[in-house]
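Q: A single structure is presented below for examination.
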Amino acid sequence: AAPETGFRGPGRKADCCPQVTLEALRVFSYLEGGERPRTLLDAVRTTLSLWRRRGDEKPYMFGHGMRFKTVKWPATWYSVLAVLDAVGRYPDVWCGAAANREDRRAVAEMAACLIAYNVGRDGQVTPRSCFRGFETLSLGQKRQPSGLAAALVCEALARLAPLAEEIAAVNVLSLGSSKGGTGRAVPPR
């Protein structure tokens, strides 16, 4: 708990906080490899395991359903884009010598969801959900494609280029839903 307020935050003490984990992964990605904590790749794998276990477990306040897959702009909260932006910075976990098949598959599934739920057939990104207060920005309205949103999606996906074939092979409708869902993923709009 914060000594000033007594607020401990959401979730149980033993749970990882997905949002804080992603923020830490992004910050540590700016350090050179030798300066990074040795356990950093374990944090990346923990993030990927949350996706893999989505049908059985749900971190408090952090689901993996339609709201996770449809980015709310600006992408400052836990979403498929936030996860891929952070995880994509650590290719050793999903395509390096130490990579395992499950982590590789989790990244490919999430990338396929990012595309299916956020990128139009014309290749453009038109925000479907936006935080209030950003209406003057292209990513803060839902009527027209946003070049900034498209650039941010492309930046995250560009890091995953080695997985392009695996991403293209994922059928997002065949993926299991998150805990509490009907057992099938809700299709993209």
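Q: Any chance you could run the full-extension gain for Ala161 through Ala99? It's 0.36 nm times the residue separation minus the Cα-Cα distance, nm to one decimal.
A: 20.8 nm
Q: Student exercise: in the chain, how many lysine pairs 8 or more apart or on different chains have Cα atoms under 17 Å apart?
A: Eligible lysine pairs with Cα atoms under 17 Å apart amount to 6.
Q: Continuing with the same structure: What residues qualify as long-range amide H neighbours of Ser146, i.e. H under 5 Å apart, gap of 5 or more or another chain, H built at 1.01 Å from N?
A: Distant-sequence amide H within range of Ser146: Val125, Thr126.
Q: In a Gaussian network model over the chain where Cα atoms closer than 10 Å are linked, find which of Ala99, Ala149, Ala14 has the largest mean-square fluctuation.
A: Ala14
Q: Of all accessible surface on region 63-163 at a 1.4 Å probe, what whole percent is carbon and sulfur?
A: That share works out to 53 percent.
Q: Go ahead and collect, in residue order, the members of region 30-61 whose backbone nitrogen is under 16 Å from a label point 7 Å along the Cα-Cβ direction of Cys16.
A: Zone members listed by number: 37-61.
Q: With springs connecting C-alpha atoms under 10 Å apart, model the chain as a Gaussian network and identify which of Tyr117, Tyr90, Tyr60 has the largest mean-square fluctuation.
A: Per the Cα network of the chain with a 10 Å cutoff, Tyr60 tops the list.
Q: Still on this model: Give me the 1.4 Å probe accessible area per residue for the chain, excluding ligands and nucleic acids, in Å².
A: 58
Q: Please state the charge dipole magnitude for region 87-189, taken about the Cα centre, from unit charges on C-beta atoms (+1 on K and R, -1 on D and E), reported in debye and rounded to the nearest 20.
A: Here the size comes out at about 440 debye.
Q: Shifting gears a bit: Describe numerically, in nm with one decimal, the distance between label points set 7 Å from Cα along Cα→Cβ at Arg89 and at Arg26.
A: Label-label distance for Arg89 and Arg26, simple model: 0.8 nm.
Q: Positive end of the dipole of region 45-109, charges at C-beta (+1 Lys, Arg; -1 Asp, Glu), about the Cα centre: which of Cys95, Val80, Ser49 has its Cα farthest in that direction?
A: Going by the Cα projections, it comes out as Val80.
Q: Would you calculate a helix-derived [θ] at 222 nm for the chain, using -39,500 (n - 2.57) for each DSSP H run of n ≥ 4 and dividing by the full residue count, to the nearest 500?
A: Value at 222 nm, helices only: -11500 deg cm²/dmol.
Q: Still on this model: Which value in Å is the Kirkwood Rh of the chain over different Cα pairs?
A: For the chain, the Kirkwood estimate is 17.3 Å.
Q: Using DSSP to define loop residues, name the GluC sites (Glu not before Pro) in region 72-161 whose beta-carbon has at most 16 other beta-carbon atoms within 10 Å.
A: Counting only loop positions with at most 16 other Cβ atoms within 10 Å, the GluC sites (Glu not before Pro) in region 72-161 are Glu135.
Q: I've got another one for you. Distance from the Cα centre of region 120-145 to that of region 25-91, in angstrom?
A: Measuring centre to centre over Cα atoms gives 23 Å.
Q: Counting Lys and Arg as +1 and Asp and Glu as -1, what is the net charge of the other residues whose Cβ lies under 15 Å from the Cβ of Asp103?
A: Its environment carries a net charge of +4.
Q: Under a 10 Å cutoff between Cα atoms, tell me which one of Gly65, Gly176, Gly33 has the largest fluctuation in the Gaussian network model of the chain.
A: Largest GNM mean-square fluctuation: Gly33.
Q: Give the ranking of Thr126, Thr136 by solvent-accessible surface, highest area first, calculated with a 1.4 Å probe.
A: Sorted by accessible area, descending: Thr136, Thr126.
The values are calculated or read from the model by the stated rules, or taken from the named source; none is laboratory data. In this text the structure is predicted, and so the values were computed from the model without any measurement. Because the Cβ atoms are built from the backbone with ideal geometry, glycine has one as well, and the counts that use them run over all protein chains shown. Remember, those area values only see protein heavy atoms, side chains included, never the ligands or the DNA or RNA. Shrake-Rupley method; radii C 1.70, N 1.55, O 1.52, S 1.80 Å.
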